[in-house]
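Working notes, structure below.
Just so you know, all these numbers are worked out from the coordinates, no wet-lab data involved. Here the structure is a predicted model, which is why all the values come from computation and not from measurement. Heads up, the Cβs are rebuilt from the backbone with ideal geometry, glycines too, and the neighbour counts pull from every protein chain shown.
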Amino acid sequence: MPLSVLCKLIVIVCMTKVVASRFYCPRASGFFADPIDCSKFYRCMAGRPLHYPCPTGTLWDQNIVTCNHAVDVECFSGHSCPDPDGLFPISSDCGRFLNCRKGIPRVSKCPEGLHFNADVLICDYPMEANCKSFK
């Protein structure tokens, strides 16, 4: 095990707490995204979920199974997909959109200054995207 991974695990173990939750381990052991909060994750040991926070400024990245810089992570969220596959606007935030694959929503972010254009399914200039939101 690389030293950097070992150091992360030591820090995480020191910060953990067992929580009573409705999270069920998909496998007896492993690391899994918190389906509600991208800044947390679960470690399952013998089928028992342990809830961990990511360090400040990081989010759980299931692709590399560790906390990663927030700008590099597509965040799982409490959103649901209107269809199993596709890109969908988030009505409360013009700069973000849902990227759904097999019914799993990931919140994606447009580059700074751009809005998601639901008509052509790309990040676009605000005047072209014609998005109206609360943000």
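For the stretch 86-129, the convex hull drawn through the C-alpha positions has a volume of 63 cubic angstrom per residue. Counting beta carbons within 10 Å around each of Val65, Val71 and listing the fewest first gives the order Val71, Val65. Under the simplified labelling scheme, the Ile122-Val65 pair shows an inter-label distance of 3.7 nm, with each label point 7 Å from Cα along Cα→Cβ.
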